[in-house]
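First the structure, in the form of structure tokens, and then the observations on it.
The values are calculated or read from the model by the stated rules, or taken from the named source; none is laboratory data. All figures in this text were calculated on a predicted structure; none of them were measured in a lab. Neighbour counts are summed over all protein chains in view; Cβ atoms, including those assigned to glycine, are modelled from backbone coordinates with ideal geometry. Ligands, DNA and RNA are excluded from the accessible area calculation, which covers all protein heavy atoms including side chains. Shrake-Rupley method; radii C 1.70, N 1.55, O 1.52, S 1.80 Å.
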Amino acid sequence: MATRNAYEGILTPLSKPGGGEFGKYYSLPALNDPRIDKLPYSIRILLESAIRNCDDFQVKPKDVEKIVDWENTSPKQVEIPFKPARVLLQDFTGVPAVVDLACMRDAMNRLGGDSNKINPLVPVDLVIDHSVQVDVARSENAVQANMEFEFSRNKERFGFLKWGSNAFHNMLVVPPGSGIVHQVNLEYLGRVVFNRDGILYPDSVVGTDSHTTMIDGLGVAGWGVGGIEAEAAMLGQPMSMVLPGVVGFKLSGRLKDGVTATDLVLTVTQILRKHGVVGKFVEFYGEGMGELSLADRATIANMSPEYGATMGFFPVDHVTLQYLKLTGRSDETVAMIESYLRANKMFVDYSEPQTEKVYSSYLELNLEDVAPCISGPKRPHDRVTLKDMKADWHSCLDNNVGFKGFAVPKESQNKVVDFSFHGKPAQLKHGDVVIAAITSCTNTSNPSVMLGAALVAKKACELGLEVKPWIKTSLAPGSGVVKKYFEKSDLQKYLNQLGFNIVGYGCTTCIGNSGDLDEAVAAAISENDIVASAVLSGNRNFEGRVHPLTRANYLASPPLVVAYALAGTVNIDFEKEPIGTGKDGKEVFFRDIWPSNEEIAEVVQSSVLPDMFKGTYEAITKGNPMWNQLSVPSGTLYSWDPTSTYIHEPPYFKDMTMSPPGPHGVKDAYCLLNVGDSITTDHISPAGSIHKDSPAAKYLMERGVDRKDFNSYGSRRGNDEVMARGTFANIRLVNKLLKGEVGPKTIHIPSGEKLSVFDAAMKYKSEGHDTIILAGAEYGSGSSRDWAAKGPMLQGVKAVISKSFERIHRSNLVGMGIIPLCFKPGEDAETLGLTGHERYNIDLPTSVNEIKPGQDITVTTDNGKSFTCTVRFDTEVELEYFNHGGILPYVIRNLISSKQ
């Protein structure tokens with residue numbers, strides 16, 4: 001059982017400058033340990049958490065010592081517990097989290113426990129975002145129309161979350177229409193320092209979206225986890241993590257004129273991907289830090305998942321404090337934050353001599369070396385400088401199908417498709433832009449690039465340029481603050497003139513919510529096999545994610561999105577070719593519409609004001625009329641509606657008893673899928689629109705749902721039946737069992753039938769057969785979606801054997817009771833001669849005393865092959881989860897058996 005904190009002796013009062021106390025804090029300097037002065041700032045946050053939560057039960061003094069001795073222990077992959085200060089949920093991932101909490105209450109009730117124990121024990125911030133399907137664009141009333149669509153589609157889901165905000169204590173729900181979760185987190189929810197019950201401590205957060213890392217730009221340690229991990233953290237379980245290495249990234253110089261924060265982040269992403277930072281922290285430092293605004297830092301931090309790091313951390317300094325004041329935090333709060341962080345050696349003051357920190361490895365970038373660029377056509381780290389873009393595009397047309405290739409025959413590369421658009425003649429060619437979207441939390445928090453885009457629009461409009469009417473243009477700011485500074489600067493009208501009307505405040509195109517293309521455009525693309533392009537200011541451009549009909553998708557800064565929309569194609573050299581013809585008949589070039597850094601800085605200075613943030617977030621706390629009018633049931637146990645296609649009681653605890661199932665292997669399993677490298681959670685997890693011929697569509701139609709009301713997979717995350725059917729439903733999935741055919745199908749091995757992945761999985765289940773998945777390297781990279789683990793579990797997958805896993809996805813698999821296994825270095829399915837037509841036996845020890853983290857075990861097949869794999873249960877805690885059948889059953893059994 002828990003004991004008193006062994007570190008109570010270093011609890012120290014923090015005095016206010018004018019007298020009195022802010023509160024008490026666990027003082028790192030009071031430990032009098034010289035090793036702490038060398039620790040990276042990001043590691044100090046882990047250290048403070050371990051000290052404050054040390055009860056010799058969940059967190060022990062030896063864990064504190066491991067962190068203090070980070071320089072020596074981090075290379076050894078040691079395990080530590082971490083208790084974040086809070087949990088961040090967003091709409092789509094928040095719904096299943098609340099569903100699971102409601103389900104856990106039912107299970108507690110059934111097993112004789114106190115169901116009211118199921119409550120978040122740390123503050124939970126749930127932001128209802130990711131809910132803007134771009135149905136209405138290019139119109140002044142787009143926001144209201146899209147909002148009405150969302151409430152008509154999602155009323156049941158919103159009502160469920162409103163019920164949760166009343167039923168569960170310690171949960172704040174931010175209503176729909178307020179903004180993108182990560183921008184709301186940055187501008188409003190981020191505390192930087194907590195003062196709870198008189199104890200001061202650093203803000204830290206885990207969130208159910210991998211881009212939770214955006215908050216690291218504010219000096220708050222945060223990263224994405226699976227929904228199941230987040231739920232465990234909410235319920236007071238320490239997160240078990242491997243003490244990470246920290247890459248020190250030194251910045252010097254300043255960005256050249258015309259270079260944006262997006263250009264910088266795409267450059268940083270490429271550098272860090274090349275260096276290799278998976279499972280590590282990246283900590284930025286150096287004199288170049290003073291040249292980066294807080295929003296620039298947040299842009300870099302946001303894309304941590306794209307460069308593979310757990311987080312990209314910017315310690316708190318004067319720039320952070322200025323941003324806190326700008327965004328409406330009170331002077332007293334900012335004074336408390338600065339006083340605490342200075343006292344506890346967590347504040348960077350670049351006016352003072354810097355103590356050299358120790359890092360695991362070192363990188364450096366002179367900001368002057370950053371050039372304008374975009375990334376694509378299929379991955380965020382495939383950076384292309386603007387001057388090389390035309391040549392790169394032509395090589396993509398020539399190259400074999402792959403991350404940088406479309407294999408378009410030479411004789412077809414210049415073909416022109418004529419079609420009629422609303423009665424007027426139109427044309428499409430390879431590389432033509434059909435979607436141009438300013439969207440995503442990466443950039444919409446950044447006034448410089450947003451106002452930069454508006455200045456591009458202003459110059460273009462004044463010269464008489466237009467965007468072709470068949471290009472679907474949209475603007476989805478991360479919060480209402482953006483609209484206010486656009487209005488203050490009087491620039492919104494120019495964006496509107498080019499078709500970039502505000503469509504809503506939330507994720508849109510980046511998450512697959514681009515909505516339908518015009519029917520004539522869609523037909524011209526699909527009937528003529530045109531490689532159409534989307535250009536978006538997002539962070540994700542994986543295949544099939546943005547829109548099924550845009551095979552080329554490029555990430556670009558908001559100003560470049562406008563520029564490419566005006567050009568109408570990615571097949572252009574901006575240095576040499578005109579963007580269009582002006583009203584005076586003269587050619588207009590890129591340089592004619594591109595604003596200088598001084599122009600942008602001037603409009604930012606005059607247009608972005610603290611009152612805008614205060615006013616926006618005061619309105620959030622009051623809700624909006626549509627939200628306030630939602631009527632929801634009272635009561636702490638949820639009344640499940642078996643006919644609902646949005647909220648459904650999942651079967652996770654159906655047969656649960658108080659006795660854990662214990663460790664177990666896999667016997668005579670069939671291979672459900674045999675896939676290659678870089679299978680992302682976008683390939684695995686249900687995302688985007690629900691295809692009319694999919695198993696999920698069939699399920700909905702059988703229940704009387706019209707196709708127009710299918711909505712997206714994200715909106716139906718609270719229904720396990722829909723989500724299981726949408727698992728592995730990506731149209732770009734490449735399954736080696738299909739011998740070259742692309743799509744969401746597989747072979748049912750016993751019969752040889754070609755079926756949808758879901759139907760094959762159900763056939764195996766009905767026959768009493770387990771299944772496994774064979775995979776290549778980086779399996780599960782991309783977003784941290786719990787459904788990428790829940791879906792395969794519901795389909796009956798018992799193990800995944802891959803060359804390597806993405807960090808969050810591997811952890812999520814364990815959390816859902818699926819065994820993650822890695823081939824030995826130099827080996828994979830191909831080198832071992834595995835086709836996926838074999839049956840697999842995974843020989844795990846069945847005694848809890850015999851199975852160990854990182855253990856080697858033998859896998860055998862029915863045709864006599866035998867090979868060794870490493871079991872990727874990385875910690876003792878993960879083994880406990882597996883023994884219990886997953887994290888949530890483990891938590892329930894612990895709460896029931898607890899005397900607390």
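Ranked by the mean number of other Cβ atoms within 10 Å per residue, highest first, peptides 584-596, 603-615, 629-641 order as 603-615, 584-596, 629-641. Over 30 Å between Cα atoms, which of Lys60/Lys824; Lys357/Lys824; Lys424/Lys583; Lys325/Lys622; Lys754/Lys790 qualify? Pairs exceeding 30 Å: Lys60/Lys824; Lys357/Lys824. Within the assembled protein chains, the solvent-accessible surface assigned to Cys103 is about 10 Å², based on a 1.4 Å probe. Surface listing: Phe149, Phe314 arranged by accessible area from highest to lowest gives Phe149, Phe314, probe 1.4 Å. For the residue pairs Lys468/Lys493; Lys155/Lys493; Lys483/Lys614; Lys472/Lys493, the C-alpha atoms sit more than 21 angstrom apart in Lys155/Lys493. The antiparallel fraction among DSSP beta bridges confined to the chain stands at about 45%.
In the set [x] -0.66, -0.81, -1.32; [y] -0.43, -0.60, -1.28; [z] -0.38, -0.53, -1.15, the label that goes with log10 I(q)/I(0) by the Debye sum over Cα atoms at q = 0.06, 0.07, 0.10 Å⁻¹ computed for this structure is [z]. In the context of the full set of protein chains, residues of the stretch 169-258 present 20 Å² of accessible surface per residue (probe radius 1.4 Å, heavy atoms only). Rounded to the nearest 20 debye, the dipole magnitude of the chain is 880 debye, with +1 charges on Lys and Arg beta carbons, -1 on Asp and Glu beta carbons, and the Cα centre as origin. Here Asp55 and Val242 are evaluated by their C-beta separation; at R0 = 35 Å the FRET efficiency comes out at 0.95.
Given a 1.4 Å probe and the protein chains as shown, Glu287 ends up with an accessible area of around 120 Å². Under 17 Å Cα-Cα from Lys576, which aspartates and glutamates qualify once same-chain neighbours fewer than 8 residues away are excluded? Hits, sequence-local ones excluded: Asp388, Asp392, Glu587, Asp592.
Compared with the alpha-carbon gap, the fully stretched path from Asp709 to Lys667 is longer by 10.9 nm at 0.36 nm per residue.
Using the Cβ-Cβ distance between Asp693 and Lys488 with R0 set to 45 Å, the FRET efficiency from 1/(1 + (r/R0)^6) comes to roughly 0.40.
Full extension of the chain segment joining Lys622 with Glu140 gains 171.0 nm, where the gain is 0.36 nm per residue of separation less the Cα-Cα distance.
Could you please state, rounded to a whole Å, how far the C-alpha centre of the stretch 593-626 is from the C-alpha centre of the stretch 381-431? So the two Cα centres are separated by 37 Å. Listed cross-link partners Lys16/Lys250; Lys274/Lys798; Lys745/Lys803 are compared with a 31 Å cut-off, the Cα-Cα value being larger for Lys16/Lys250; Lys274/Lys798.
As a fraction of the 1.4 Å probe accessible area of the stretch 83-184, surface on carbon and sulfur atoms comes out at 50 percent. A dipole drawn for the stretch 187-237 from +1 and -1 charges on Cβ atoms has a positive end, and of Gly198, Val225, Ser210 the residue lying farthest that way is Gly198. Neighbours of Gly198 by Cβ distance under 11 Å: Lys/Arg scored +1, Asp/Glu scored -1, total 0.
In the context of the full set of protein chains, residues of the stretch 286-371 present 36 Å² of accessible surface per residue (probe radius 1.4 Å, heavy atoms only). Ranking Phe314, Gly290, Pro353 by Cα position along the charge dipole of the stretch 250-380, where only Lys, Arg, Asp and Glu carry charges on their C-beta atoms, puts Phe314 farthest toward the positive end. Think of each Lys and Arg Cβ as +1 and each Asp and Glu Cβ as -1; about the Cα centre, that makes the dipole of the stretch 755-801 roughly 80 debye. Nonpolar atom fraction for the stretch 559-658, defined as the carbon and sulfur part of the 1.4 Å probe accessible area, stands at 50 percent.
Subtracting the Cα-Cα distance of Lys24 and Ser351 from 0.36 nm times their residue separation leaves 115.0 nm of extension gain.
Counting only lysines at least 8 places from Lys117 when in the same chain, those with an alpha carbon closer than 19 Å to its own are Lys83, Lys899.
Karplus-derived 3J(HN,Hα) values for the stretch 855-870, using 6.51 cos²θ - 1.76 cosθ + 1.60 with θ = phi - 60°, are 6, 8, 9, 9, 10, 10, 10, 6, 9, x, 7, 9, 8, 9, 10, 9 Hz; glycine and proline are entered as x. Ranking Val98, Pro40, Pro61 by Cα position along the charge dipole of the stretch 1-134, where only Lys, Arg, Asp and Glu carry charges on their C-beta atoms, puts Pro61 farthest toward the positive end. Surface analysis of the stretch 766-856 yields an accessible area of 32 Å² per residue, using protein heavy atoms and a 1.4 Å probe.
Taking every alpha-carbon pair under 8 Å whose residues sit at least 6 apart, the chain reaches a relative contact order of 13 percent. Once both labels are positioned 7 Å from their Cα atoms along Cα-to-Cβ, the gap between Leu637 and Lys38 label points is 5.8 nm. Using the Cβ-Cβ distance between Lys765 and Thr868 with R0 set to 41 Å, the FRET efficiency from 1/(1 + (r/R0)^6) comes to roughly 0.90.
Helix-only arithmetic for the chain: the sum of -39500 (n - 2.57) across DSSP H runs with n ≥ 4, divided by the residue total, places the mean residue ellipticity at 222 nm at -9500 deg cm²/dmol.
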